[in-house]
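Report on the structure given below.
The values are calculated or read from the model by the stated rules, or taken from the named source; none is laboratory data. Since the structure is predicted, the reported quantities are computational estimates derived from the model, not experimental observations. Cβ sites come from the backbone with ideal geometry, for glycine too, and all protein chains shown count toward neighbours. When the accessible area is computed, the model is the full protein with side chains, heavy atoms only, and any ligands, DNA or RNA have been set aside. Shrake-Rupley method; radii C 1.70, N 1.55, O 1.52, S 1.80 Å.
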Amino acid sequence: MEINVLRRLENTASRLPDKAAYSDTDSSLSFFEVLDKARRVGSALCGKVSARQPVAVMSGRNVYTPVVFLGIVYAGCFYAPMDASQPEPRLRDILSVLQPKLLIADRDNIERARALGFEGEILCAEELFEFDINEAFLAQTARRACADDPLYVIFTSGSTGKPKGVITSMQSLMFYIDAYTEVMGIDESDVLGNQSPLDYIAAIRDIYLPLFTGASMFIIPKQYFVMPAQLFAALNEYKITAVGWSVSVFTIAAKVGAFDGELPKYLKKVCFSGSVMPCSVLRIWQEKLPDTKFVNQYGPTECTASCTYYEIEKQVEDSDVLPIGVPYRNYRVFLLNDDNTETPVGEQGEICVSGPILALGYYNNKELTEKSFIQNPLNKAYNELIYKTGDYGILREDGILEFCGRKDRQIKHLGHRVELSEIEACALRLDSVTEACAMYLKEKELIYLFYTGTASSKEAAVHFRAILPGFMVPRKLVQLDEMPKLSNGKIDMQSLKSMMK
C-alpha cells in the first residue's frame, strides 16, 4: 500500500487528469490542476521553512484551500488550518501554540491575518500558485518523507479555555481513508457533498477521498444547510451521491419537512457522526431514500476522525437506539473500568482506542499528551499507547459496541445517575422539537433543556412527564429561535451555560 498522500494524488492525476477533483459554486479544479498548483505552492516554500514544521493557513471554504494544504505537504511540512471567522483571541491562541514561521492566507483573509500581530512571514496563497515548479527541491523532500511524518494539526476546544492542537500523521490519515472507502464503497463515480468547515476534522474525508479514489468533491455553501429545500435542490443540481455530515443537518431537514418537496435522487451513500442520531429522524430519511446506504460513525479527533462504524441494514423504529458498531480496519477498540481493568462483555466501561491511527499527540503540549495517550494497562509486555475517549460504552455478545454517553454528560441528580443525552433523545421524539440540548446547573440542582422548534413549554413538559421518570424531567425549558453553534456544526455549550441562572 502506498503510504503517501502525494503519491496517491499523482497516481490519480495521471489516470484522470481532466476530471474535476474539487468544485464550489464559483470554481472547479481538475486533478491535474490540483497537482500542478500544489507543486507550485510547495516549490514557493523552498528555503522559507524547515521540514516537519507547521505552516498556518487562513483560507476560505473554497477549492483552493485543499491545494494550499497539499502544497505545504509537498514542501515537507504539515498544515494547521485556522478559521478566519473565529474571534481574534482564539486565533492568537492557536498561533501561540503553533509558533509557526509562516502563515498563508488568501486575499479575502490576508488583512485579518495581518491584524493578528503575527511575527512570522505572511504569504498570499494566490501568489504562491504562480511560482515555477522546483523539481529538485520536490524530489529531495519526497526522498526524505516518512509514513509517520505529521500531516496536519486540527485545533479543538481545551478544558483550560486554550485550544489544543491534535497532530496526526500521514500514515494514520491514510489508514482511515482507506478503511472509510472500503466501508462506504466510494469510487470514482461518486460526487461527495462537503458540509464541514475545512479546518474541522470531518473535512479530511472530503479532501482526501478524491485523491485516493478519483471521486469528485463539491463544497456546498454554508447557508444551504439552514435551508433544506435549497440544500436538496443543490444535491440534485450537482448530482451528489455521497455525504458525511453532522447529525444536526439530517435532524433539521427531517423536522422542517424538507422531504415534502424535491428529493435528493442521486444520494446513495450517507454517513453521519458528531452526536447521537435520533431514530425518529433516521426513519424519515430511510423511508424517503429506500435505496440509500446509511452508516453511523463514531470517534474523536485524536483517533483520526472516527474509529467505529455501524451500517444500518433494516428500517429503524422511533424508539430504537443505534449502536456505534465495530472498529474500522487498523483500529483496536476496547473498554476499561475506572480502575483500568478490562470491562466484561455486557457491562459499561470507558471506550479506549489503540493502533496506528492514533494521533501523534497534542502539539507543543507534552504534559497533556502524556496524560491522554497512555500505556495500555492491559499490556505489560511492550509499549502500546492507547487513547481514553472519555465516552462510556457497552460491548455486546455479538461484538457490536453501544454508546452510553460521555463521562462529563452523566450527572448525579437527586441521588440518581442521569444521562443528559437520554433527555435530549426524548425531546427529539416530539415532531415539534427540531434541536435539543440538556444542561445541568449543579449549584441549584436544575436540569435545563434548551430547544428549537414550535413546541410550547407546556407541550414539552407533558411529553417528558409521559415518558421520563420524575427526577429526569427538565425543570427549566428554554425555547430558542436558533441553537448556538460552533464552526464545526456542534452545539456551543458555553453559550448555553451563560443562559443558566
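So which of Thr141, Thr168 ends up being among the polar types (S, T, N, Q), within 18 Å of the chain's Cα centre (by Cα) and closer than 26 Å to Phe212 by Cβ?
Working: Thr141 fails: within 18 Å of the chain's Cα centre (by Cα).
From the options Thr141, Thr168, the qualifying one is Thr168.
Where the second residue is surrounded by fewer than 22 Cβ atoms within 10 Å (Cβ to Cβ) and among the hydroxyl-bearing types (Ser, Thr, Tyr) and the first is under 18 Å from Cys279 (Cα atoms) and in contact (Cβ under 8 Å) with a residue 60 or more places away in the chain and lies in region 431-444, which pairs have Cβ atoms under 6 Å and are six or more apart or on separate chains?
If the second residue must be surrounded by fewer than 22 Cβ atoms within 10 Å (Cβ to Cβ) and among the hydroxyl-bearing types (Ser, Thr, Tyr), the pairs left are Thr434/Thr452; Glu435/Thr452.
If I ask for residues that are open to solvent by less than 10 Å² (accessible area, probe 1.4 Å) and not hydrophobic (A, V, I, L, M, F, W, C), which ones from region 238-279 would you list?
Gly244, Thr251, Pro264
For (1) touching a Gly at 6+ places or on another chain (Cβ under 9 Å); (2) under 20 Å from Ser354 (Cα atoms); (3) surrounded by 19 or more Cβ atoms within 10 Å (Cβ to Cβ), each residue gets a yes or a no:
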{"position": "Ala136", "(1), (2), (3)": "no, no, no"}
{"position": "Gln140", "(1), (2), (3)": "yes, no, no"}
{"position": "Thr168", "(1), (2), (3)": "no, yes, yes"}
{"position": "Ser189", "(1), (2), (3)": "yes, no, no"}
{"position": "Leu192", "(1), (2), (3)": "yes, no, yes"}
{"position": "Gln195", "(1), (2), (3)": "yes, no, yes"}
{"position": "Ile201", "(1), (2), (3)": "no, yes, yes"}
{"position": "Ile207", "(1), (2), (3)": "no, no, yes"}
{"position": "Leu211", "(1), (2), (3)": "no, no, yes"}
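Among (1) more than 26 Å from Leu267 (Cα to Cα); (2) open to solvent by less than 60 Å² (accessible area, probe 1.4 Å), there is one condition Asn383 misses while meeting the rest; what is its number?
(2)
Quick check: is even one residue across region 110-123 open to solvent by 50 Å² or more (accessible area, probe 1.4 Å), of a type in the set (D, E, K, R), without any contact (Cβ under 8 Å) to a residue 24 or more places away in the chain and within 24 Å of Arg39 (Cα to Cα)?
No; the residues of region 110-123 include none that is open to solvent by 50 Å² or more (accessible area, probe 1.4 Å), of a type in the set (D, E, K, R), without any contact (Cβ under 8 Å) to a residue 24 or more places away in the chain and within 24 Å of Arg39 (Cα to Cα).
Out of Gly325, Gly346, Gly355, report the one residue that is open to solvent by 10 Å² or more (accessible area, probe 1.4 Å), modelled with pLDDT of 95 or more, touching a Phe, Trp or Tyr at 6+ places or on another chain (Cβ under 7 Å) and on the phi > 0 side of the Ramachandran plot.
Numbers: Gly325 fails: open to solvent by 10 Å² or more (accessible area, probe 1.4 Å); Gly346 fails: touching a Phe, Trp or Tyr at 6+ places or on another chain (Cβ under 7 Å).
Within the list Gly325, Gly346, Gly355, the selection yields Gly355.
For the list (1) within 16 Å of Tyr363 (Cα to Cα); (2) open to solvent by less than 30 Å² (accessible area, probe 1.4 Å); (3) modelled with pLDDT under 95, I need the number of the one condition that Val153 fails.
The single condition Val153 does not satisfy is (3).
When the residues of region 264-302 are filtered to those that are assigned to a helix (DSSP H, G or I) and in contact (Cβ under 8 Å) with a residue 60 or more places away in the chain, which remaining residue is farthest from Val321 (Cα to Cα)?
In the first step, residues of region 264-302 are kept if they are assigned to a helix (DSSP H, G or I); the result is 279-288, 301-302.
The next check asks that each one be in contact (Cβ under 8 Å) with a residue 60 or more places away in the chain; those that pass are 280-281, 301-302.
Working: Ser280: 10, Val281: 12, Thr301: 23, Glu302: 25 Å.
Residue satisfying both the conditions and the ranking: Glu302.
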